[in-house]
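Working notes, structure below.
The values are calculated or read from the model by the stated rules, or taken from the named source; none is laboratory data. All values reported here derive from a predicted model rather than from experimental measurement. Here Cβ is always computed from backbone atoms with ideal geometry, including for glycine, and neighbour counts include all displayed protein chains. Ligands, DNA and RNA are excluded from the accessible area calculation, which covers all protein heavy atoms including side chains. Shrake-Rupley method; radii C 1.70, N 1.55, O 1.52, S 1.80 Å.
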Amino acid sequence: MLSSLFTRRPAVQDPALSWTPPGTTVVQRYRNILGPLEGAVVLVYISASDRSSAYGAAYLDCTYRAARNDRRVRLGDAEAADLANAHAAHCRAINRGIPAPPDDAAVARMVRSRMQSKRPHGPSTHQVYLTDFLDDRVDLQRDDDFIKQAMLEISRTGGHFLKKAAPAYNGDTGTRFLVQPRPPRK
């Protein structure tokens, strides 16, 4: 009779292990283990609408994000997983669960900050691609349409450094953005 009081229950499934940030497709997910405590959740992902082979890696429980290697080349699937594993070997973050989605104003600030970081120092402009936001996808938690709308708003309301450009080709239906160079130093 006593044994029925202490029956085993199925383990509770961690929602962070099945969570996919909006705007991404997760291709690998795993958790590093820290002794008896469960460690951080690692995601290797691509943009949900991206047709390129650019991958990103992110830990949900620390600030580690990677979308390019040390030579500034976009990551492939194996390289993103290797970088995530290398970080996992040294990171001691514990599971904090699914990150809360930021509000729209915070996302707009993140998009603006990313565009500011892309400003070239020379005289030429820099074309913006949605893959420029790959390492921010877990933090943004937004799809491509929201990011494009945020860039349109920046270019419309005083984004002197971000200009909407005309389509490059007659059949091009997409919106292009150009980050203007920094003013010359005096």
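Scanning segment 42-55 for residues that are part of a strand (DSSP E or B) and under 15 Å from Tyr129 (Cα atoms) returns Ile46, Ser47, Tyr55. Scanning segment 14-38 for residues being at pLDDT below 85, under 24 Å from Val107 (Cβ atoms) and part of a strand (DSSP E or B) gives a total of 1. Among the residues of segment 115-126, none qualifies, meaning not one is surrounded by fewer than 19 Cβ atoms within 10 Å (Cβ to Cβ) and at pLDDT 90 or above.
Number of residues in segment 65-80 that are surrounded by fewer than 19 Cβ atoms within 10 Å (Cβ to Cβ) and either under 11 Å from Asp135 (Cβ atoms) or not basic (Lys, Arg) (or both): the value is 10.
In segment 63-86, the residues that are under 13 Å from Gln28 (Cα atoms) and without any contact (Cβ under 8 Å) to a residue 40 or more places away in the chain reach residues that are surrounded by fewer than 16 Cβ atoms within 10 Å (Cβ to Cβ) and small (Gly, Ala, Ser) with C-beta atoms within less than 8 angstrom, at least six apart or across chains, in these pairs: Gly76/Ser53. Count of segment 81-105 residues, restricted to those that are open to solvent by less than 60 Å² (accessible area, probe 1.4 Å) and in contact with an Asp or Glu (Cβ under 9 Å, 6 or more places away or on another chain), is 6.
Can you name every residue in segment 47-61 that is open to solvent by less than 30 Å² (accessible area, probe 1.4 Å) and either at pLDDT below 75 or not hydroxyl-bearing (Ser, Thr, Tyr) (or both)? Please lay out each step first, then the result.
Initial filter on segment 47-61 (open to solvent by less than 30 Å² (accessible area, probe 1.4 Å)): 47, 54, 56-61.
Result: Ala54, Gly56, Ala57, Ala58, Leu60, Asp61.
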